[in-house]
Amino acid sequence: MPAAAYRFGPFELRPGEHILLKDGARVPLSPKAFDLLHLLVERRGALLEKQALLAAPWPDTFVEEANLSVQVAAIRKALQPDADGVIETVSKRGYRFTAPIEEVLPDQDESSQVVRLLVLPLRVLAPNLEAEFLSRSLPDAIASTLTAIPWLSVRAPFDLYGRRPQDGTSIAADADVVLEGSLGELSGQTCVMLRLLRAPSGVVLYTEQATVGPGTLHDLQGRVSRELARQLSSHFGRVEPAGSSSGGPATPGAYVLYLRANQLAYETSQWAAAQELYEAALREDPQYAPAWARLGRCHRVIAKFEAPATEAQDAFSRAEAALTRALALDPDLSLAHNLYAQLEVDLGRPEQAMLRLVSRLGAHPHAPDLFAGLVHVLRYCGLLDLSIAAHRCARALDATVPTSVHHTWWMKGDPERALGETFGDIGYMPGLALASLGRDREAVAALRWRERETTDTRVRCYLVSLRALLEGQRDESLEALQRLRVPVDAEARYYVARTYAALGEHDLAMEELTQVVDGGFLCHETFARDPWLSVLHADARFAPVVARARARSERAAVEFARAGGTTRLRA
């Protein structure tokens with residue numbers, strides 16, 4: 001069992017929280033230096049050769065010996081005046097950690113465990129437009145700030161991956177603390193009442209009551225977020241965080257525009273309106289990093305699901321520019337890193353997305369959304385077993401967090417398990433899984449039902465293409481595939497490729513499969529055993545395409561291990 005903490009002298013190293021303490025106070029240490037110290041402590045007493053350290057599994061690998069010396073010097077400086085006899089230098093060879101160590105196992109130290117916070121939408125006691133707007137946007141903004149705390153797992157009305165608001169009453173049992181509240185009117189002003197409750201006892205840990213207007217919203221969010229961090233640190237014996245890495249906007253007006261945009265950004269029909277509000281907020285304050293990050297998401301989803309083929313690439317470019325700007329303003333903004341990882345997958349760079357998410361887990365090891373993102377990204381990299389492990393990590397932190405593991409199970413050749421995980425799917429995977437189990441009649445019924453329910457043209461095209469194929473309606477299936485024009489991502493192109501192959505359109509299938517691999521979807525084992533693709537095996541182009549996918553997937557596996565990803569999934 002991995003240690004929850006390592007104690008030596010006045011110091012305590014907590015790997016799960018990525019912090020070093022001295023007499024209970026945080027000691028500043030860069031992520032690289034922390035990971036190096038952690039490695040030395042884990043291998044205490046052993047000589048760690050420089051070459052082994054240079055190849056150690058850090059998110060941003062050292063490439064020169066001088067960099068290693070710089071990090072060792074930073075560790076020694078952080079340990080002063082107690083550094084003597086802690087790290088021994090063995091000339092021309094490497095380093096050895098020599099101080100006595102006390103390991104603290106997880107069941108010995110509750111402070112190493114994650115604190116689970118559920119942030120509920122506010123109850124509206126006096127319905128009006130202002131109250132409806134604040135009921136979800138204010139809790140969402142507070143929750144986004146608190147996600148920066150490494151020992152805290154936050155569930156909120158919305159999450160970074162854009163799933164719909166949840167009813168918190170059904171999931172409160174899995175929380176340690178709950179933030180709830182209400183909105184009403186007092187003397188014509190909107191009044192906010194917030195309470196932090198210990199679960200399941202309902203003991204009140206903190207309350208806040210305030211009247212709010214456009215000019216005071218951000219002050220309220222900042223005050224509540226700081227006080228919540230203080231209260232949680234005190235009640236659960238944690239180190240109080242220094243605060244959010246991202247400050248607020250320069251003007252109250254920019255903040256109100258930002259919150260209103262957040263409210264709209266999760267409704268498909270309102271993406272363009274949300275984009276305009278983010279742009280308006282940034283005209284008032286061009287330095288507000290979260291607005292740049294969420295603007296990037298708007299550009300991305302519009303490019304992926306709505307933009308005509310001739311405009312999609314420009315929209316993706318605008319998305320990348322906005323997210324790059326957000327990270328330039330605030331390099332530690334988790335929101336921007338998470339959203340950028342999604343964009344990198346869409347742009348055919350799943351390896352970069354994978355490393356970005358693993359790096360974020362170093363600072364935020366209890367974030368279920370990061371593990372949920374890895375489920376998606378690792379599947380694209382062809383690392384199916386690791387994708388499933390990431391799903392299990394996500395669900396261990398949050399039993400309700402949605403992931404795309406149903407696609408992973410199907411790619412693994414287990415449609416039964418895929419069928420059991422399809423809640424929230426667009427409707428394609430239930431039909432595909434049923435068909436893979438030989439239950440074509442049920443598959444057709446499920447697809448037809450979903451066709452009637454959806455208003456999304458592209459989604460309907462996918463559903464029709466599969467349903468018509470199963471019914472033997474070749475022309476209808478082909479027409480649906482051609483209406484798709486631009487599949488939304490490389491995985492979707494794979495489903496298109498195999499459908500073309502089953503329809504006997506071998507050249508179109510091969511062209512699509514080539515685009516699948518070029519676009520960064522690397523499930524080479526699935527390609528090789530997919531019965532619908534077996535008709536392509538005689539094509540001279542098939543084997544080289546699969547080989548390219550295999551080689552790239554194998555490189556991704558090495559990079560994932562070097563970045564510490566396998567360790568994160570075992571923790």
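Only a single criterion out of (1) free of Cβ contacts under 8 Å to residues at least 24 places away in the same chain; (2) surrounded by 20 or more Cβ atoms within 10 Å (Cβ to Cβ) is not satisfied by Ala326, namely (1). In segment 442-456, is there at least one residue being in contact with a Phe, Trp or Tyr (Cβ under 8 Å, 6 or more places away or on another chain), more than 30 Å from Arg555 (Cα to Cα) and polar (S, T, N, Q)? Taking every residue of segment 442-456 in turn, none turns out to be in contact with a Phe, Trp or Tyr (Cβ under 8 Å, 6 or more places away or on another chain), more than 30 Å from Arg555 (Cα to Cα) and polar (S, T, N, Q). Residue under question is Leu39, and the condition is that it be among the aliphatic types (A, V, I, L, M), within 27 Å of Pro331 (Cβ to Cβ) and in the same structural domain as Thr89 (by TED's automatic domain parsing); does it hold? So Leu39 fits the description; yes. Candidates Arg136, Arg96: the one that is assigned to a strand (DSSP E or B), modelled with pLDDT of 80 or more and either in the same structural domain as Gln221 (by TED's automatic domain parsing) or of a type outside the set (Gly, Ala, Ser) (or both) is Arg96.
Search segment 242-260 for residues being hydrophobic (A, V, I, L, M, F, W, C) and at pLDDT below 85, and hand back the single one that is farthest from Leu282 (Cα to Cα). By that ranking, first place goes to Ala242. Checked across segment 454-470, the condition of being outside the structural domain of Gly382 (by TED's automatic domain parsing), within 26 Å of Asp346 (Cβ to Cβ), in contact with a Ser or Thr (Cβ under 6 Å, 6 or more places away or on another chain) and modelled with pLDDT under 95 holds for at least one residue.
It is to be established whether one or more residues within segment 453-475 are without any contact (Cβ under 8 Å) to a residue 24 or more places away in the chain, part of a loop (DSSP other than H, G, I, E, B) and within 28 Å of the chain's Cα centre (by Cα). Yes, segment 453-475 contains at least one residue that is without any contact (Cβ under 8 Å) to a residue 24 or more places away in the chain, part of a loop (DSSP other than H, G, I, E, B) and within 28 Å of the chain's Cα centre (by Cα).
Only a single criterion out of (1) surrounded by 24 or more Cβ atoms within 10 Å (Cβ to Cβ); (2) touching a His at 6+ places or on another chain (Cβ under 6 Å) is not satisfied by Arg360, namely (1).
Count, please, the residues in segment 424-450 that happen to be part of a loop (DSSP other than H, G, I, E, B) and surrounded by 15 or more Cβ atoms within 10 Å (Cβ to Cβ). Qualifying residue count for the region: 4. Selection of segment 276-299 for residues being surrounded by fewer than 23 Cβ atoms within 10 Å (Cβ to Cβ) and among the basic types (Lys, Arg) yields only Arg283.
Looking only at residues in segment 364-411 that are within 19 Å of Thr526 (Cβ to Cβ) and small (Gly, Ala, Ser), the one that is surrounded by the most Cβ atoms within 10 Å (Cβ to Cβ) is Ala390. Quick check, is Leu481 touching a Lys or Arg at 6+ places or on another chain (Cβ under 8 Å) and either crowded, with 19+ Cβ neighbours inside 10 Å or among the hydroxyl-bearing types (Ser, Thr, Tyr) (or both)? No: the conditions fail for Leu481. Among the residues of segment 316-326, those identified as hydrophobic (A, V, I, L, M, F, W, C) and either modelled with pLDDT under 90 or over 16 Å from the mean Cα position of the chain (by Cα) (or both) are Phe316, Ala319, Ala321, Ala322, Ala326.
Regarding segment 500-510, can at least one residue be identified that is closer than 27 Å to Arg300 by Cβ, among the small types (Gly, Ala, Ser) and surrounded by fewer than 23 Cβ atoms within 10 Å (Cβ to Cβ)? No; the residues of segment 500-510 include none that is closer than 27 Å to Arg300 by Cβ, among the small types (Gly, Ala, Ser) and surrounded by fewer than 23 Cβ atoms within 10 Å (Cβ to Cβ). Within segment 502-532, the residues that satisfy the criterion of being assigned to a helix (DSSP H, G or I) and either in contact (Cβ under 8 Å) with a residue 40 or more places away in the chain or touching a Lys or Arg at 6+ places or on another chain (Cβ under 6 Å) (or both) are Met510, Glu512, Gln515, Val516, Val517, Asp518, His524, Glu525, Thr526, Arg529, Trp532. Residues in segment 102-124 that are surrounded by fewer than 17 Cβ atoms within 10 Å (Cβ to Cβ) and at pLDDT 85 or above: Arg123, Val124.
Among residues that are closer than 30 Å to Arg155 by Cα and touching a residue at least 12 places away in the same chain (Cβ under 8 Å), Val444 is not included.
The residue of segment 80-102 that is farthest from Ala5 (Cα to Cα), among those that are small (Gly, Ala, Ser) and in contact (Cβ under 8 Å) with a residue 40 or more places away in the chain, is Gly94. Screening Gln166 on (1) modelled with pLDDT of 80 or more; (2) more than 30 Å from Leu13 (Cβ to Cβ); (3) surrounded by fewer than 22 Cβ atoms within 10 Å (Cβ to Cβ) shows it passes everything except condition (1). Scanning segment 493-500 for any residue that is over 32 Å from the mean Cα position of the chain (by Cα) and at pLDDT 95 or above turns up at least one such residue. The set of residues in segment 300-320 being closer than 21 Å to Tyr288 by Cα and loosely packed, with under 14 Cβ neighbours inside 10 Å consists of Ser317 alone.
The values are calculated or read from the model by the stated rules, or taken from the named source; none is laboratory data. What you are looking at is a predicted structure, and each value in this text was computed from that prediction instead of being measured. A quick note on method: Cβ atoms are made from the backbone with ideal geometry, for glycine too, and the neighbour counts reach across all protein chains shown.
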